[in-house]
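Read-outs throughout are calculated quantities, based only on the coordinates presented, and are distinct from any laboratory measurement. All of these numbers come straight from a predicted model, not from anything done at the bench.
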Amino acid sequence: MRKRHFLIAFAVLLLDRLTKWLVIRNIPLDDAISIIPGLFRLTHLENPGAAFSLFAESSLPFRTGLLITISVAALIVVALLLWMRRNDFNLTTLALSLIMGGATGNLWDRLASGKVTDFLDFYVGTHHWPPFNVADSAIVIGALLLMLGMFRKETVRVAR
């Protein structure tokens, strides 16, 4: 079962790296391509903060180091939780696998450049959701699945 967990995390990491590479290669920094006018565009932004641009405006000199430390700590906790549940494949381990892949993707960026590439930009008129990426999406979906698992008390197994 452990292989399945890490294959999911690795697939998220690969998809995240591929999409960021395509954006960096094809969309100039701070530019955007409208996909659904008035709702969605692809953009190329560099986010020095945490997910959804949290702390992006912070001038703390150790911001990047702190974010890297938090990411590494989170990855260690997730890896330990997956190790403890290595024989299970259920909603919780699926969620943890998604979180591991997403956290690894953003950590990769942060280690390489101190910033994370964001490119998915949803908006209505002048109201914007903070731009995000595939890694952020996997982390949020994983967190939602963890909450769902807590509410459902792990009664549903995904697959074996």
For the chain, what size does the Cα cloud have along each of its three principal axes, sorted from largest down, in whole Å?
46, 37, 28
Which residue fluctuates the most in the chain, going by a Gaussian network model with Cα springs under 10 Å, if the choices are N47, N26, N133?
N26
Return the whole-Å distance between the Cα centroid of the stretch 24-44 and the Cα centroid of the stretch 100-123.
16
Which of L22, L81, L111 moves most in a GNM of the chain, Cα contacts under 10 Å?
L22
Taking the chain as a Gaussian network, Cα atoms linked when under 10 Å apart, which of D118, D31, D109 shows the biggest mean-square fluctuation?
D31
How high is the relative contact order of the chain, in percent, counting Cα pairs under 8 Å that sit 6 or more residues apart?
33
